[in-house]
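For reference, the structure is listed below as structure tokens.
The values are calculated or read from the model by the stated rules, or taken from the named source; none is laboratory data. Model, not experiment: these values are computed from the prediction. Positions of Cβ are generated from backbone atoms using ideal geometry, with glycine treated the same way; all protein chains shown enter the neighbour counts.
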Amino acid sequence: MRRALKWAGLAVAALATPVALWIAAVSLFAFDPPEFPDTAPSVAEMEAVLEELTGANVPPGLSMVVLKDGRTVYKNSFGLADGRTGRKVTNDSNFGWWSVTKIPTAIAAMQLIERGEMSLDDPVTAHLPLFKVTYPSPEQGPVRIRHLLNHSSGIQEPLAVLFWMHPEGEGPYGLTDFVAEKLPKYAKLDFAPGTRVQYTNLGYMVLGAVIEAVSGMSYEDFVRSNILAPLDMQSTDFGLREDMLEDVAVGSHPLFDFTTTMMPFGWSYMIDDTRWGQRLIWLNRFYADANPPSGLFGPPDEAAQILRAMMNGGEVDGRRLLQPETVNLMLGAETPADAGAGERRVLGWLKQKGPQDRVYFSHSGGGVAYYTQMRFYPAERLGIVVFTNNTKGHAEAIADMLAGMDWPSGPDARGAKDAG
């Protein structure tokens with residue numbers, strides 16, 4: 001017994017030593033990002049902060065758009081799209097959107113509701129018979145479409161979602177078949193539908209399968225035809241088409257970070273080039289197995305078209321995405337204040353309050369390779385998109401800084417430049 005304990009102790013020590021060394025390396029070499037001011041007195045000072053940030057490679061590159069009264073008043077890019085070659089980010093660079101994709105998914109569902117093809121209160125099973133879940137108690141009501149939209153369904157957020165990705169050259173995966181394969185393992189709901197809020201990527205995969213069932217089209221083709229094409233988003237798509245590869249912001253991951261220890265376990269195919277001097281791991285291209293939660297790629301300027309539509313009653317340049325009453329419904333259907341997680345969810349969006357009680361609607365996209373943020377302040381007609389090409393991209397903090405600035409309206413505003 002003592003010998004067994006001795007060997008067990010040696011094994012633990014052998015494992016603990018590299019972990020301890022890695023923690024020490026992280027502490028020694030990890031970059032402490034600059035303090036993000038609540039606001040910047042000028043565009044020049046804001047740009048200086050972002051130059052410092054990208055100069056330290058956290059993130060190595062970013063691209064951003066600021067809208068005011070429906071106009072682009074600032075558009076600029078900073079840093080590297082590819083640190084292996086020194087290629088810089090431009091305003092046309094294509095980034096992974098990650099969970100910002102959930103906003104087009106929610107809009108697609110609202111379009112079908114607007115057309116009368118389904119309703120917010122329809123049980124999911126009315127459109128998707130394969131949706132078989134176990135409720136906490138038998139008397140509880142069904143999971144409805146609105147529960148999928150506002151993350152109150154009780155559907156689990158399995159850790160396995162982090163690994164439902166594949167390298168370029170594999171796939172594509174059929175969404176409804178994918179949901180049918182994965183859902184049974186996570187069929188037990190965590191709580192009664194509508195009683196709490198719990199963010200769930202699997203729930204948005206189910207919503208995408210509902211869109212397929214109701215529309216009779218693939219989820220991807222429905223979004224392309226009904227959102228991307230009407231908004232003239234020609235460089236946005238699920239995955240990277242051949243014509244999008246010329247200007248890609250290559251994804252990266254911090255070399256000295258606790259999450260880096262996960263890379264060899266299920267993510268090794270992502271690793272392309274480790275640059276010690278840049279303190280980065282540059283990544284191969286890879287894609288989500290299921291697109292509705294996180295599958296889009298494209299430039300922030302095109303993502304801003306969605307904000308234009310939301311801030312203009314569902315219309316952009318005479319092209320209508322949603323009716324005004326549908327936009328109001330999306331933004332007004334709040335989850336209860338006591339729903340948990342400290343969040344107020346509406347349909348698709350997270351409703352938040354910033355300094356001075358400024359109400360805004362936002363969605364972040366976080367994951368390996370990219371970190372993104374899209375938000376708008378309806379009372380101020382202000383919209384912000386920030387896309388970065390690093391897992392720890394500080395997109396929310398950058399958006400906070402931009403939101404604290406005074407952005408004048410009109411095409412001649414100081415920030416209205418295209419530096420790409």
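Do the conditions hold for Ala126, that is, is it in contact with a Phe, Trp or Tyr (Cβ under 7 Å, 6 or more places away or on another chain) and under 27 Å from Lys185 (Cβ atoms)? Judged against the criteria, Ala126 is not a match.
Looking across the range 98-119, the residues that are aliphatic (A, V, I, L, M) and either more than 11 Å from Gly295 (Cβ to Cβ) or out of contact with any strand residue (DSSP E or B) (no Cβ under 6 Å at 6 or more places or on another chain) (or both) come down to Ile103, Ala106, Ile107, Ala108, Ala109, Met110, Leu112, Ile113, Met118. Restricting the range 85-100 to residues that are under 14 Å from the mean Cα position of the chain (by Cα) and not in a strand (DSSP E or B) leaves a set whose member that is surrounded by the fewest Cβ atoms within 10 Å (Cβ to Cβ) is Ser99.
Within the range 198-236, being over 18 Å from the mean Cα position of the chain (by Cα) and assigned to a loop (DSSP other than H, G, I, E, B) holds for Gly216, Met217, Ser218, Ala229, Pro230, Leu231, Asp232, Gln234. What do you reckon, is Val65 closer than 12 Å to Met405 by Cβ, among the hydrophobic types (A, V, I, L, M, F, W, C), in contact with a strand residue (DSSP E or B) (Cβ under 8 Å, 6 or more places away or on another chain) and modelled with pLDDT of 95 or more? When the stated conditions are applied, Val65 does not pass them. One residue stands out among those in the range 126-138 that are under 27 Å from the mean Cα position of the chain (by Cα) and farther than 17 Å from Gly216 by Cβ: the one that is surrounded by the most Cβ atoms within 10 Å (Cβ to Cβ), which is Phe131.
Kindly establish whether Pro59 is over 27 Å from Asp317 (Cβ atoms), under 20 Å from the mean Cα position of the chain (by Cα) and assigned to a loop (DSSP other than H, G, I, E, B). Outline the logic, then answer.
On the way: over 27 Å from Asp317 (Cβ atoms): yes; under 20 Å from the mean Cα position of the chain (by Cα): yes; assigned to a loop (DSSP other than H, G, I, E, B): yes.
Criteria met by Pro59.
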